[in-house]
Each structure stands twice: as structure tokens, then as C-alpha cells.
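Heads up, the thing below is written out as C-alpha cells.
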Amino acid sequence: PAGGMGLELEPLFQAWSCFRRRKFRQCSDLCSQLLERPPGEQAAWSLKTRALTEMVYVDEIDMDQEGIAEVMLDENAIAQVARPGTSLKLPGTSQGGGPSPAVRPVTQSGRPITGFVRPSTQSGRPSTMEQAIKTPRTALTARPITSASGRYVRLGTASMLTNPDGPFINLSRLNLAKYAQKPKLAKALFEYIFHHENDVKNALDLAALATEHAQFKDWWWKVQIGKCYYRLGLYREAEKQFKSALKQQDMVDTVLYLAKVYLRLDQPVTALNLFKQGLDRFPGEVTLICGIARIYEEMNNISSAAEYYKDVLKQDNTHVEAIACIGSNHFYSDQPEIALRFYRRLLQMGVYNCQLFNNLGLCCFYAQQYDMTLSSFERALFLAENEEETADVWYNLGHVAVGIGDLNLAYQCFKLTLVNNNDYAEAYNNLAVLEMRKGHVEQARALLQTASSLAPHMYEPHFNFAILSEKVGDLQRSYTAAQKSEEAFPGHVDTQQLIKQLKQHFAML
């Protein structure tokens, strides 16, 4: 009408419109205003719970972070001596044999470094409590990863953040049985309790009552109960729920949840079979093919993983994880030019971050395109978001400097690496080698000791320390270090020769 009158949207419709456009804060505020008027209607209440949930929602399928609590206090006993190729937690049991640490650096858990950081591959499984506390590097905090600090919002904090007057729903006063009988409200309420309040116990109670009300015929509730059991560490119960849900309704998501349970129970072969059965029912489903590739990668079967990543790209040629993993695989198999093509593809897709330019710089260096190397690293330094990323770039620049023979520049670069990240074991090791070339034996020895204590899983610091001690004449220390080196990398020929020499020395004595 003329004069611009009557153009006001009905408040509930306006709130719904905000929700659709992902303006959750505005949606929540509008619903709060509606609820203040008597009588507060169910639609506004339901919409507000959904808006608050979406603000802190994280997809449970991909996120899987093992904290110290899960690793050290895990009561699920697994076979101590697993058959080869059937365990993820014992790195020596891989089928494919995997690349050696001399070719491709390994993580603390003994697996080759992958091309893509995932929550499950970050933490590894430290063997001792000391190691677990010593390695907060992956969490980018000073505190070791715990499941609470990693991604779950602590109890109560989410509700205080989103509502200045305190929590929107007081869970202790809720009559869960009443809500369980209203399926539409119950689903919104469950997601609110599970994701926003992070109160798994109450969420489980509500889900149990609701599935009972639905006469155990609603697959959605079974999946939610399974999620609660998984979060509580009751993996066998979770497995039963997911299997039952799959019988009722075949869903890709449920297959992925069930595979997560098997991986946590350290049964990668069962998970692989489950994915392959899933592919029979959902041919060409990217998430399932990607799941198979990840498991092969974690089992050190790199060639099979690369094949499956290629299958992923046949279905979805913009899949960042597949491109990055194939790229890193080519880089470590001595094909930097091919890796460069994959990383350039990522750049064309709009991925623009420090890690990508870092990898581009390394590929250019090994492909002998020196003009592009330094500009890539400059861009990487410019895009680094934290000191750890800056340290990685300086470390790689140190390698470039060693490659072109400028040892002074290399020394400066490794020093700058340690300025940015004082726990960088590889930089300590390389600095020790440079110090040794200058004839500073004591400094080299101190640096190598630091490196080997920071990264006991790397063979280089142990081996270098053994060589250094042997030159100085400290044979006992040399022998101890050589044994540690052999433990970290049994196939290292130089270490075996050194041990043989030392044994001859001891025999003569």
C-alpha cells in the first residue's frame, strides 16, 4: 500500500527467514521477543532451540578427536599382539610395509605423514602418559588435547554465550517423558541438549523415551542413541544401535557412524568390509570411498590408498583431501613435478593458505624451478596464521638454503624456526649437524639430546648422536643411541653397521 505502511513482516515468519539465511543470532533474538509475550508458542520455542543448536553444531561423522582421557583411561582392551594388517594402534602391523622413515617422515604414532590433517590422525596414540602430555603440538594450545578442550563446548559455556540471562532451557526441570511424546519437538530438543548443552546423559534419556514412544520403529532415534553411546565410550552398545538403524533404513550416515565405532575398537578390516558393502548399495558415494582410502593410508598401505583417492576424484574432481593426499604421495615418491600439478589445481580451486604455498615452494625447489621457490615461501610466511606454521616455513627455507649450499642462511633459518616453535625436533637435529661441521662438538651434542628427547620416534637424532659419541670416543653412549635408532627404524643400514663396529670394539676390550 501507498505510504509504505503494512510492510512489516509477521515476527515468526521473519525469524524463520533469518534462520533460512543462517542469521542465527537475529533469529534467536526474534524468537526470544515472541516468547516474552504470553502465551509463548511452541513454534517460536522450537525455532529458537534449532537456531541455538546450529550456532555450535559440528558434524559428528568427520570429527573424532581422541584426548588424553580417551587414550589413557580407555577400558576397551584390544589384542596386544594383533595379526599383521589388522590394527591401527600398533604401527608395525601394516600390510603394505609403507614407505621407510628415510623416504617419508613419520608421525609419533609411527605412520607416514599424510597430505591432509584430520582430527583422528593428529593425536596418534602416545604410548606413555609423559609422551601424551609432551605433545600438545597438534592441538595448537599449551594444553594437551582432551576431548573437552578440543571441540566440545564445555558444559554451560555455550548457553551463557548465547543467552545473557543464563541458559534458555533449564534441563534439570524438564519433564523429558512429556517431550518424548511430541516427536517434532523432541527432535529439536534432543539436538539442542546434545550439541549446545553437551549433556549426553540427558540427551540419551530423552532419546530412549522417544524411541520407546515410537515403538522402536524410528531409525533416527536409534542413530541418536548410538551417537550418545559412542560419546560415552560404550562402543558395543553403539554398534547394536547403528546396526538396528541400518536394518530399518539404509543410510550413508549410519554406515559412517558404524565405521567410526569399528575404528575406535581398532578393527580396520571390519570397517573396510562395511564400507565396501556400503558401496554395493550406494555406488560412487564419495564419503565411503574416501573412508576406505583413509583406512588404507592409516594402515601404511599407501598404494591402495592412492588408488581409492583417484576413485574419489572420478566422482568429485574438487575433493580437496583427495587432491592433497595424492599430491603429497607423488612428492614423497620422487615425482615433485606431478605433485606440483595437483597443488596448482588446489590453488585454482581457491584454496589459499600457508600450507599450500609451503608445499608449492617445496615442489618447485625439488623440480628445480628456483625462481618460484622463494616467492612461494614468502607468500606462505605472509599467510601463516600462527607461530607453528611460520616455524614450518622457516624450516623448509633452511632446507632450501642447504640445497643451494648457503650454510649461514640455513643456520639463520633453523634458528628462526626455533624462535617460532621451541619444540621443533627436526630443526634441533639439523642445527646440530651444522654445528658439527663448524667443529662445535659440545653444542652439537646438546642439540641432538634435545632433539631425541622431543621426538623419540625419529631415528635421525639418535643416529647422529651415536656417530658423534663414537667419534669422541664415548662408545657406551654411542651404543645406547644406536640401539634407539635401530628401534625407530629397523631397516637403517648405517645404524646396523655402526652397531656391528661397536660390538667388535667391545669384543676387543
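Side notes on the structure shown:
- Residue check for K217: touching an Asp or Glu at 6+ places or on another chain (Cβ under 7 Å), within 30 Å of Q181 (Cβ to Cβ) and touching a residue at least 24 places away in the same chain (Cβ under 8 Å): no
- In region 317-334, the residues that are open to solvent by less than 50 Å² (accessible area, probe 1.4 Å) and not aliphatic (A, V, I, L, M): H319, E321, C325, G327, S328, N329, H330, F331
- Any chance A79 is modelled with pLDDT under 85 and part of a loop (DSSP other than H, G, I, E, B): yes
- Count of region 343-358 residues which are open to solvent by less than 50 Å² (accessible area, probe 1.4 Å) and at pLDDT 95 or above: 6
- Selection from region 388-433 of residues that are hydrophobic (A, V, I, L, M, F, W, C) and surrounded by fewer than 16 Cβ atoms within 10 Å (Cβ to Cβ): I404, L407, L409, V419
- Residue check for G115: modelled with pLDDT of 75 or more, small (G, A, S) and over 30 Å from R22 (Cβ atoms): yes
- Of the criteria (1) over 31 Å from the mean Cα position of the chain (by Cα); (2) surrounded by fewer than 16 Cβ atoms within 10 Å (Cβ to Cβ), which one E385 fails: (1)
- Any hit, region 237-248, residues being part of a loop (DSSP other than H, G, I, E, B), of a type outside the set (S, T, Y) and open to solvent by less than 60 Å² (accessible area, probe 1.4 Å): no
- Looking across region 492-507 at every residue that is aliphatic (A, V, I, L, M) and free of Cβ contacts under 8 Å to residues at least 12 places away in the same chain, the one that is farthest from I467 (Cα to Cα) is identified as A507.
The values are calculated or read from the model by the stated rules, or taken from the named source; none is laboratory data. Since the model is a prediction, treat every value here as computed from it, not as a measurement. FYI the Cβ positions are ideal-geometry reconstructions off the backbone, even for glycines, and counts take in every protein chain you see. Just so you know, the surface numbers come from the protein's heavy atoms only, side chains and all, with ligands and any DNA or RNA stripped out. Shrake-Rupley method; radii C 1.70, N 1.55, O 1.52, S 1.80 Å.
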